[in-house]
Amino acid sequence: MATVLMILIAVFMDYLLGEPRRWHPLAGFGQLVTRVEASILGSQTLSPAQSRLRGMVAVLVLLVPLVLVGVILSSLPGVGYVFSVLCLYVALGARSLQEHAHAVMQALHVSDIPQAQFQVGMMVSRDTSQLDDEGVSKAAIESVLENGCDAIFGALFWFVVLGAPGVIAYRVINTLDAMWGYRNTRYYDFGWAAARLDDVMNWIPARLTALSYALVGHTRQALFCWQQQAMNWESPNAGPVMASGAGALSCCLGGVAIYHGKLKERPLLGSGRAPNATDIKRAVSLVQKAQILWLAVIFIGGLLLV
């Protein structure tokens, strides 16, 4: 039950406090990543093999020491419990995700499209300057559904499996993929190791997330969309999550989007009508219900193992 109690405390802290406003460890880690990248990759012209090798080295340099620190500190009597709770709290982002989505909804409700474009741009990596209210709603919902896995369920899964070291490894790899996982000239090969490790670490959490969305939404439709549409999506893990989530909400996602100045035709996901601002709120509610489901399962599992 110790793991269960630590999870409940960390989730409550995230609900009550949200992300740390100052001195966020992930912000400091992002600066460290930038320095390591500059040191290992630099601005040299490298072959694909050389770039991949340096990317692997960079991942190990950042990952191994932090995980070892996690193993040592989490094993200390007394201190280990506090450290573990803080690690999970920092890794969780349920309240932050809700706050970002709420800011987009507020802007749409007063028909302030430029503000809505700006706010959704804080959630996604695509160009949002040309989005109308439907496009903004679609981008926000996609971000809520996908980040539900990255910012909540993936962290919970790895904490249950491996404790603080597991959630540290997950968040490190997830952050490296977010910073290096682009398919452009600089990062296509250098970010290969980070992107593949992220795929591996998210494979089970993504499918558990997709199943959770289906169970707390329109179940049959969500499962159908997951089965029929997920394999068409570029990401092997985002596909199941977003297809199931779109089906659970009975709305259509995907379609044309602009990434780094280039128009990209993405497969359609889900079924039903085009989304609007109200559906952003429904997407947040779907993620919240899925989180409650996870906590209930974890709690029951803890009781059965006592």
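Within the stretch 9-25, being aliphatic (A, V, I, L, M) and surrounded by 16 or more Cβ atoms within 10 Å (Cβ to Cβ) holds for I9, A10, V11, M13. Residues that are at pLDDT 95 or above, touching an Asp or Glu at 6+ places or on another chain (Cβ under 8 Å) and not in a loop (DSSP other than H, G, I, E, B) are absent from the stretch 145-160 altogether. Pairing residues of the stretch 270-286 that are without any contact (Cβ under 8 Å) to a residue 60 or more places away in the chain and of a type outside the set (G, A, S) with residues that are part of a helix (DSSP H, G or I) and surrounded by fewer than 17 Cβ atoms within 10 Å (Cβ to Cβ), at Cβ distances under 6 Å and at least 6 apart in sequence or on separate chains, gives no pairs at all. In the set (1) closer than 30 Å to A38 by Cβ; (2) buried (at least 18 other Cβ atoms within 10 Å of the Cβ); (3) without any contact (Cβ under 8 Å) to a residue 60 or more places away in the chain; (4) not aliphatic (A, V, I, L, M), D189 fails one condition alone, (3).
Take the residues in the stretch 152-161 that are free of Cβ contacts under 8 Å to residues at least 60 places away in the same chain and surrounded by fewer than 24 Cβ atoms within 10 Å (Cβ to Cβ); name whichever of them is farthest from G245 (Cα to Cα). Out of the qualifying residues, it is V161.
Being assigned to a helix (DSSP H, G or I), touching a residue at least 24 places away in the same chain (Cβ under 8 Å) and of a type in the set (G, A, S) is a description that applies to S51. From the list Q288, Q229, the one residue that fits, being in a helix (DSSP H, G or I), out of contact with any Phe, Trp or Tyr (no Cβ under 6 Å at 6 or more places or on another chain) and surrounded by fewer than 19 Cβ atoms within 10 Å (Cβ to Cβ), is Q288. Scanning the stretch 45-79 for residues that are among the small types (G, A, S), within 11 Å of A164 (Cβ to Cβ) and either crowded, with 18+ Cβ neighbours inside 10 Å or touching a Phe, Trp or Tyr at 6+ places or on another chain (Cβ under 6 Å) (or both) yields G70, S74.
Among the residues of the stretch 231-267, those identified as in contact (Cβ under 8 Å) with a residue 40 or more places away in the chain and within 15 Å of the chain's Cα centre (by Cα) are N237, A238, V241, M242, G245.
The values are calculated or read from the model by the stated rules, or taken from the named source; none is laboratory data. Quantities reported herein were computed from a predicted structural model and do not represent experimental measurements. When we count neighbours, we look across all protein chains shown, and the Cβ atoms used for this are built from the backbone with ideal geometry, even at glycine.
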